[in-house]
Amino acid sequence: MNRLEAMEDRQFVFGTVLVLSNKLDTLLDREMIPFGMTSKQWFLLLVVSTLFDKAPTIKEAAKAIGTSHQNVKQMALKLEQKGFLKLEKDSRDARATRLKPTEYSMTFWEKTQKRGEEFMDLTFSNLSDEELKLLRSGLAKIMQNLTRIEEADNGEE
């Protein structure tokens, strides 16, 4: 029995999630080179383009991707320079800035959709529907736990 097989399940899952994150960053960074975009910028653009009914504020986007307002602002400014996003002051609250995908970003998604679907198919190729449901459920519970830890650390409980 090797050390990975002997490892406690929680330790294995924790380490594997970190390794998966690194591998995804590396592979996505490689895929995004032709577009002059990082994996983190790609993820922000994906979230802004798909998760909200209207253009989110920087704060809303930061919460959705689990990072700081400052990180999102820096990424958004770079995406604006590249033509993927437009940053606009909120019409009701001048302190808030909304992130609006541009036509150029829509073209980007159309151009990369096929390759993205192929990547997803390869990534999940040997998982059954039942395994995916269990994985989703487990990851959602871990996310809830991490949110509780974060809120407790910020004195929000």
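The values are calculated or read from the model by the stated rules, or taken from the named source; none is laboratory data. Note that this is a predicted model, so its numbers are computed, not measured. Every residue, glycine as well, gets a Cβ built from its backbone with ideal geometry; the counts of neighbours run over all protein chains shown. The area values use the complete protein model at the heavy-atom level, side chains included, leaving out ligands, DNA and RNA. Shrake-Rupley method; radii C 1.70, N 1.55, O 1.52, S 1.80 Å.
Ligands, DNA and RNA left out, the accessible area of the chain computed with a 1.4 Å probe is 56% carbon and sulfur.
Cross-link check: pairs Lys59/Lys141; Lys40/Lys141; Lys40/Lys89; Lys89/Lys114; Lys40/Lys133 evaluated at a Cα-Cα cut-off of 28 Å; pairs beyond the cut-off: Lys89/Lys114. When Rg is the radius of gyration of the Cα atoms in the stretch 1-146 and Rh is its Kirkwood radius, what does Rg/Rh come to? In the stretch 1-146, Rg relative to Rh is 1.03.
For the pair Glu118 and Asn2, the difference between a 0.36 nm per residue extended length and the Cα-Cα distance amounts to 38.5 nm. Among Gln144, Gln81, Gln70, the largest mean-square fluctuation in a Gaussian network model of the chain (Cα springs under 10 Å) belongs to Gln144. Loop-resident trypsin sites (Lys or Arg not before Pro) (DSSP state other than H, G, I, E or B) in the stretch 58-126 with no more than 12 further Cβ atoms inside 10 Å of their Cβ: Arg92, Arg95.
Computed with a 1.4 Å probe on the full set of protein chains, the accessible area for Ile149 sits at about 90 Å². Shown for the stretch 11-58 is the translational diffusion coefficient from the Stokes-Einstein equation, using the Kirkwood radius over Cα pairs, a temperature of 37 °C and a viscosity of 0.692 mPa s: 268 µm²/s.
Using only side-chain charges placed at the Cβ, +1 for Lys and Arg and -1 for Asp and Glu, the dipole size of the chain relative to its Cα centre rounds to 700 debye.
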